[in-house]
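The values are calculated or read from the model by the stated rules, or taken from the named source; none is laboratory data. All values derive from a computational prediction rather than experimental measurement. Every residue, glycine among them, receives a Cβ derived from its backbone with ideal geometry; neighbour counts consider all protein chains shown. What goes into the accessible areas is simple: the full protein's heavy atoms, side chains included, and nothing from ligands, DNA or RNA. Shrake-Rupley method; radii C 1.70, N 1.55, O 1.52, S 1.80 Å.
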Amino acid sequence: MVESRYNAAAIEQKWQCYWAESGIDQTPEEHNKPKFYALSMFPYPSGNLHMGHVRNYVITDAIARLKRMQGYRVLHPMGWDAFGLPAENAAIDRGIAPAKWTYQNIAQMRQQLQQLGLSLDWNREVTTCSPDYYKWTQWLFLEFFKAGLAYQKEAAVNWDPIDQTVLANEQVDSEGRSWRSGAKVERKLLKQWFLKITDYAEQLLNDLDKLSGWPERVKLMQANWIGKSVGAYLEFPIVGMDEKIGVFTTRPDTVYGVTYVVLAPEHPLTPLVTTREKKEAVEAFIQEVESESEIERTAEDKPKRGILTGGKAINPFNGEEIPILIADYVLYEYGTGAVMGVPAHDTRDFKFAKENNLPIQVVIIPEKDNKTILDLKDAYTEPGFMVNSGQFDGIASEEGKIKIIEYAEQQGYGKARIQYRLRDWLISRQRYWGCPIPVIHCPSCGIVPVPTEDLPVQLPEDVEFKGRGPSPLAMLERWVDVPCPSCGEPAKRETDTMDTFIDSSWYFLRYTDANNEEKAFESEKVNDWMPVDQYVGGIEHAILHLLYSRFFTKVLRDRGLLDFDEPFQRLLTQGMVQGITYKNPNTGKYIPPAEVNPENPKDPATGEPLSVFYEKMSKSKYNGVDPQQVLAKYGADTARLFILFKAPPEKDLEWDDADVEGQFRFLNRVWSQVTEFARSQSSSSQKTNDKGRTKPEKELRRAIHTAIKEVSADLEGEYQFNTAIAELMKLSNALKDANCHDSPVYREGIENLVILLAPFAPHLAEELWHQLGHKESVHLQTWPQADPNALVVDEITLVIQIMGKTRGTIQVPANLDKTALEQYARESDIAKRYLEDKEIKKAIVVPNKLVNFVIAK
């Protein structure tokens with residue numbers, strides 16, 4: 001019995017159950033087809049899907065479904081990035097254990113994902129907070145440790161005094177506040193664990209060239225983050241001491257213009273170079289700087305503050321004594337923790353020197369014999385010619401860089417050096433809800449790795465959360481106190497947990513062998529499926545997650561665990577989902593749309609006119625759309641189709657209820673077209689060749705195969721889903737207009753419409769496919785190929801113009817030469833009507849388009 005009405009809810013529930021029971025979405029084990037690994041960045045289980053999630057997963061699912069139909073064996077998994085502060089804060093605020101809160105959220109979000117009709121292999125689901133996952137996270141950490149790539153050292157860190165944890169630089173906002181708690185971040189010295197990502201800086205930079213399937217802006221962001229600088233390491237002896245101050249510079253050609261050096265306040269040399277007279281002022285300055293975050297200290301728009309230490313250094317190139325200062329903008333963790341001041345040729349140094357009354361010495365001029373620049377109004381930072389530089393006077397500055405480095409190496413003043421902005425990855429977190437670092441601190445043996453057979457080091461469950469503060473792990477003596485695995489003496493566990501970016505730096509490898517209890521993954525399986533063919537996620541992960549994942553892949557390659565260089569072949573960074581937003585420009589207050597008349601938007605409290613614009617969906621801006629409400633009203637297929645049709649995947653998408661309605665109407669039309677045909681179809685399915693087809697059949701078949709050709713082209717390369725869906729709408733219109741419903745060509749059109757629709761609206765396509773009498777799933781059908789013969793045009797529409805003005809059109813055979821086209825035009829009724837008793841001076845013929853008659857006046 002064919003249902004007369006499109007009932008999305010019933011259809012979607014029916015086929016979701018069928019797909020789950022039949023295992024249609026499970027990953028094939030056989031190797032008889034080419035592989036395709038389609039992956040969305042896995043979510044944090046916050047408890048509810050938002051529209052950004054929906055867009056990400058629908059894009060990836062459409063790709064996965066398409067590739068299956070194109071003959072690939074597809075891996076399309078899902079999991080949960082489940083460790084992190086929100087769960088721990090929920091435990092504190094609500095009195096619920098982090099594990100319980102997390103797993104409840106996972107169950108809820110899994111159900112929401114399943115309602116979208118995603119073709120996910122749930123048998124490969126991973127959860128990073130599960131001991132069977134973090135056992136292998138710990139094992140991989142120990143691989144880094146064995147390779148000398150994991151180490152512990154004391155370091156100045158960003159400390160959140162409310163959440164009582166270390167923050168990465170990226171977790172501190174431009175105002176120096178914690179991204180989560182909003183607390184003013186402090187600088188604090190702590191023993192921390194690091195991964196030596198700097199050892200791979202050059203590889204990470206160079207291998208960006210291999211990533212032809214990545215957006216250029218993402219590659220540029222990563223290159224800038226790595227920040228390669230080519231220059232020189234130079235040393236300035238300290239007057240009255242054996243120590244030297246080492247600096248890195250990209251402008252060794254300006255070394256004769258160095259008039260001061262600056263140390264980071266926390267530099268070990270600072271107390272040594274500070275004189276008795278300056279000690280009190282220097283210590284007060286250091287104390288002041290300690291309360292500032294790194295972001296605050298290095299902000300471009302912030303005035304740079306410094307103070308003289310009283311100490312002196314010697315510029316070895318000219319023998320002059322120069323003052324040593326400390327300043328807030330110099331950080332000990334960056335480079336050498338010291339910089340040379342060349343105010344004549346560096347904008348920041350020029351301003352700093354002017355404010356601190358420091359000398360300015362010009363050593364580069366733009367023209368060889370023109371020294372008018374010697375009276376500087378601002379720093380001269382362009383290339384030029386060296387002056388006031390001893391034996392190097394007159395040399396072009398670019399050549400001077402090389403000459404100065406050679407001279408420094410000969411004299412023992414320094415050497416050539418490449419330096420990176422990238423710093424080692426600080427992975428320690430002073431929290432409970434994270435992967436425990438699997439080492440033990442023994443008074444006799446030092447740092448001892450936990451033996452492999454003792455993994456995982458499990459998080460204790462009997463933990464009391466009293467409030468924000470130090471990690472509960474550090475206070476749990478029965479968990480902390482253990483015997484040393486090497487000597488048996490009393491020892492203590494490491495109480496820091498790992499940065500959650502560690503968990504997401506290898507999860508894509510685990511999916512290839514997700515149920516392996518003996519290994520993190522089998523090399524044969526990971527080498528078979530990797531790299532990921534299409535990775536989909538937000539641009540906000542352009543640097544950290546993607547860079548760390550690339551780093552992990554290279555280290556594990558060097559450990560012999562896998563044989564590829566890069567984890568993600570192609571990257572699609574989908575745009576944001578934006579909602580209509582109402583804001584009072586005078587108060588800055590956002591107003592819920594339910595309180596606003598869209599025809600005349602005013603603040604309901606003050607009557608002031610509101611600004612109306614689209615902005616990223618957010619609870620605080622009252623502009624979000626709940627996916628559950630959309631699914632309840634329209635169904636998943638409509639939501640999917642709208643998301644794919646509204647904007648190209650890499651562009652921002654503006655949510656519009658009217659456009660959602662439009663997609664719903666389109667699916668209803670397709671439903672009616674196919675079900676009406678299914679009710680009335682004859683059992684005949686004979687085929688006729690092109691010669692035996694009528695003109696309407698040929699036109700419809702051309703429309704069918706044009707759709708196949710165009711949709712297929714739109715789904716290659718850049719995935720232009722919006723134009724692909726537009727082609728489906730054209731095919732639907734062609735079927736509606738066709739007057740050959742009893743023809744096998746019409747059935748061909750109906751079936752191809754359903755097959756082409758399947759990646760986008762999978763439930764509706766499945767239902768319609770079965771209503772057409774098929775037993776096998778539509779998603780197991782072969783993606784259609786366009787028939788070139790069907791695309792050939794037998795006739796064309798020829799436009800007839802008189803003196804450039806269109807007078808009508810006629811149908812003529814295709815591919816006629818100019819003479820024949822002119823003949824058809826002259827003999828047409830249109831020409832006879834308009835050219836009677838007129839002298840034709842000439843005929844202008846545009847092949848296959850028009851004939852324009854020019855007549856005598």
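Select from the stretch 81-136 the residues that are among the hydrophobic types (A, V, I, L, M, F, W, C), in contact (Cβ under 8 Å) with a residue 12 or more places away in the chain and within 29 Å of Gly635 (Cβ to Cβ) and list them in ascending order. Can you show your working first?
Just the residues of the stretch 81-136 that are among the hydrophobic types (A, V, I, L, M, F, W, C), to begin with: 82-83, 85, 87, 90-92, 96-97, 99, 101, 106-107, 109, 113, 116, 118, 120, 122, 126, 129, 136.
Of the ones still in play, those that are also in contact (Cβ under 8 Å) with a residue 12 or more places away in the chain are 82-83, 85, 87, 91-92, 97, 99, 101, 106, 109, 113, 116, 118, 120, 122, 126, 129, 136.
The answer is Ile106, Met109, Leu113, Leu116, Leu118, Leu120, Trp122.
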| field | The one condition in (1) open to solvent by less than 40 Å² (accessible area, probe 1.4 Å); (2) at negative phi; (3) without any contact (Cβ under 8 Å) to a residue 60 or more places away in the chain that Leu455 fails to fulfil | value | (3)
| Within the stretch 184-197, is there a residue that is assigned to a helix (DSSP H, G or I), crowded, with 17+ Cβ neighbours inside 10 Å and out of contact with any His (no Cβ under 8 Å at 6 or more places or on another chain)? | yes
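Tally the residues that are more than 23 Å from Arg640 (Cβ to Cβ) and touching a Lys or Arg at 6+ places or on another chain (Cβ under 7 Å), restricting the search to the stretch 31-56.
Residues of the stretch 31-56 more than 23 Å from Arg640 (Cβ to Cβ): 31-35.
With touching a Lys or Arg at 6+ places or on another chain (Cβ under 7 Å) added as a condition, the list becomes 33, 35.
Residues meeting the conditions: 2.
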| request: Identify the residue in the stretch 408-459 that is among the β-branched types (Val, Ile, Thr) and under 16 Å from Leu140 (Cβ atoms) and, among all such residues, is nearest to the chain's Cα centre (by Cα). | output: Ile427
| note | Of the residues in the stretch 222-248, those that are in contact with a Pro (Cβ under 9 Å, 6 or more places away or on another chain), closer than 23 Å to Ile286 by Cβ and open to solvent by less than 40 Å² (accessible area, probe 1.4 Å) come to Phe236, Ile245
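I'd like to verify a number: residues in the stretch 597-627 that are open to solvent by 60 Å² or more (accessible area, probe 1.4 Å) and within 28 Å of Ala10 (Cβ to Cβ), how many? Give the steps one after another, and end with the answer.
Going residue by residue through the stretch 597-627, those that are open to solvent by 60 Å² or more (accessible area, probe 1.4 Å) are 597-600, 602, 604-606, 609, 612-614, 616, 619-620, 622, 626.
Of the ones still in play, those that are also within 28 Å of Ala10 (Cβ to Cβ) are 626.
Residues flagged as open to solvent by 60 Å² or more (accessible area, probe 1.4 Å) and within 28 Å of Ala10 (Cβ to Cβ) within the stretch 597-627 amount to 1.
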| note | Just one listed residue, out of Phe677, Phe664, is modelled with pLDDT of 90 or more and more than 30 Å from Tyr535 (Cα to Cα), and it is Phe677
| request: Could you tell me which residue of the stretch 492-509 is farthest from His31 (Cα to Cα), considering only residues that are open to solvent by less than 10 Å² (accessible area, probe 1.4 Å) and not in a loop (DSSP other than H, G, I, E, B)? | output: Thr497
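For every residue, the table says whether it meets (1) open to solvent by 10 Å² or more (accessible area, probe 1.4 Å); (2) farther than 22 Å from Tyr233 by Cβ.
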| site | (1), (2) |
| --- | --- |
| Thr250 | yes, no |
| Glu266 | yes, no |
| Ala281 | yes, yes |
| Ala299 | yes, yes |
| Lys302 | yes, yes |
| Gly319 | yes, no |
| Glu333 | yes, no |
| Pro343 | no, no |
| Thr347 | yes, yes |
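Among Ile96, Ile106, Ile92, which is surrounded by fewer than 21 Cβ atoms within 10 Å (Cβ to Cβ) and assigned to a loop (DSSP other than H, G, I, E, B)?
The unique qualifying residue is Ile96.
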| remark: Of the residues in the stretch 799-820 that are without any contact (Cβ under 8 Å) to a residue 40 or more places away in the chain and aliphatic (A, V, I, L, M), the one that is surrounded by the fewest Cβ atoms within 10 Å (Cβ to Cβ) is Ala814
| said: Cβ-Cβ distance below 7 Å, separation of 6 or more or different chains: which pairs start in the stretch 137-156 with a residue that is within 20 Å of Thr500 (Cα to Cα) and end on one that is surrounded by fewer than 18 Cβ atoms within 10 Å (Cβ to Cβ) and at pLDDT 95 or above? | reply: Trp139/Thr452; Glu143/Arg559; Leu149/Lys196; Leu149/Asp199; Tyr151/Lys196; Gln152/Ile447
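Hey, can you tell me all the residues within the stretch 408-431 that are in contact (Cβ under 8 Å) with a residue 12 or more places away in the chain and farther than 30 Å from His545 by Cα? First the steps, then the outcome.
From the stretch 408-431, those in contact (Cβ under 8 Å) with a residue 12 or more places away in the chain are 408, 411, 413-431; that's our starting set.
Of everything in the stretch 408-431, those that are in contact (Cβ under 8 Å) with a residue 12 or more places away in the chain and farther than 30 Å from His545 by Cα turn out to be Ala408, Gln411, Tyr413, Gly414, Lys415, Ala416.
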| said: For the stretch 595-624, which positions are assigned to a helix (DSSP H, G or I) and without any contact (Cβ under 8 Å) to a residue 24 or more places away in the chain? | reply: Glu595, Lys619
| request: Select from the stretch 45-88 the residues that are assigned to a loop (DSSP other than H, G, I, E, B) and surrounded by fewer than 20 Cβ atoms within 10 Å (Cβ to Cβ) and write down the one among them that is nearest to the chain's Cα centre (by Cα). | output: His50
| request: Sort out which residues of the stretch 563-596 are open to solvent by less than 50 Å² (accessible area, probe 1.4 Å), under 30 Å from Gly717 (Cα atoms) and aliphatic (A, V, I, L, M), and write them in order of number. | output: Leu571, Leu572, Val577
